[in-house]
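The values are calculated or read from the model by the stated rules, or taken from the named source; none is laboratory data. Worth saying up front: this structure is predicted, and the values here are computed from it rather than measured. Every residue, glycine among them, receives a Cβ derived from its backbone with ideal geometry; neighbour counts consider all protein chains shown. The protein model used for the area step is the full one, side chains on, heavy atoms only, and it has no ligands, DNA or RNA in it. Shrake-Rupley method; radii C 1.70, N 1.55, O 1.52, S 1.80 Å.
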Amino acid sequence: MWLQLRCGLEPRALAALTVLLVAAAVFAATHLWSARPEPVRAPERVGEAADAHAPVARTDTDTDGAVPEPSPGTPPVAGPGGQVVVVDVSGKVRHPGIHRLPAGARVADALRVAGGARPGVDLNGLNRARVLMDGEQIIVGGPPGSTAPGVTGGGAGPTAAAGPVSLSTATVEQLDTLPGVGPVLAQHIVDYRTQHGGFRSVDELREVNGIGDRRFADLRPLVRP
């Protein structure tokens, strides 16, 4: 009304002017809103490039900058079913002692984990393809006649023949020389013999704790009541 009285505008002209001013205000507000600053996310490739140039953790190296190889050893590697065999490799090898190998390993594998035979040792008398049995001893390059039942000799020439071991009179040490019979199983055999008054037949060996069908089949030709 003030503009109408001041400028002498008619109501129709005043309404048109009001609409024009409102439209101008809306346009200005829209323009300002669309021009406001917005955060922009970095492209994926930029992030990947930054990761590619990120510092890499340094590993232990030797003086030449090369990564050292792991030291040789005889870790207990489980075979099928998680079973291992424990053998005693002694004689003329680089690392004699107790070694653990996967079930189904052969004499050649035992020689390998023991560091191999020493130079000049004759292995012609050693069956390196034979499958190992738990608790056995392998003597490499022993003197003639040192091989006993259950002990594999190598480089010793002819070995002394040994008859079947008596289950009723053998000591723990003598039973320990049988293939697959360690000190614990040998003691079980002696305990069974003490409780039952000796062995009347080789088949009674099946009743000893720790002797299964496969081990009994290996021991049967090597023992007598």
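So which trypsin sites (Lys or Arg not before Pro) in region 92-144 are both in a DSSP loop and have at most 15 other Cβ atoms within 10 Å of their Cβ?
Of the trypsin sites (Lys or Arg not before Pro), the ones in loops of region 92-144 whose Cβ has at most 15 other Cβ atoms within 10 Å are Arg94, Arg128, Arg130.
Taking all protein chains into account, the per residue accessible area for region 182-225 stands at 61 Å² (1.4 Å probe). Please check which bits of region 201-219 a label hung off Asn127 would reach, taking the label as a point 7 Å along Cα-to-C-beta and the cut-off as backbone N under 18 Å. 214-219, by backbone N distance to the label point.
Protein heavy-atom accessible surface, 1.4 Å probe, per residue over region 87-143: 49 Å².
Below 12 angstrom from the Cβ of Gly182, what's the summed charge of the other residues (Lys, Arg +1; Asp, Glu -1)? Kindly include the intermediate steps, with their values, before the conclusion.
On the way: positive: Arg215; negative: Asp88, Asp134, Glu136, Glu173, Asp176.
Local charge sum for Gly182: -4.
What does the charge add up to near Arg118, with Lys and Arg as +1, Asp and Glu as -1, over the other residues with Cβ less than 12 Å from its Cβ?
Here the charged neighbours net out to +1.
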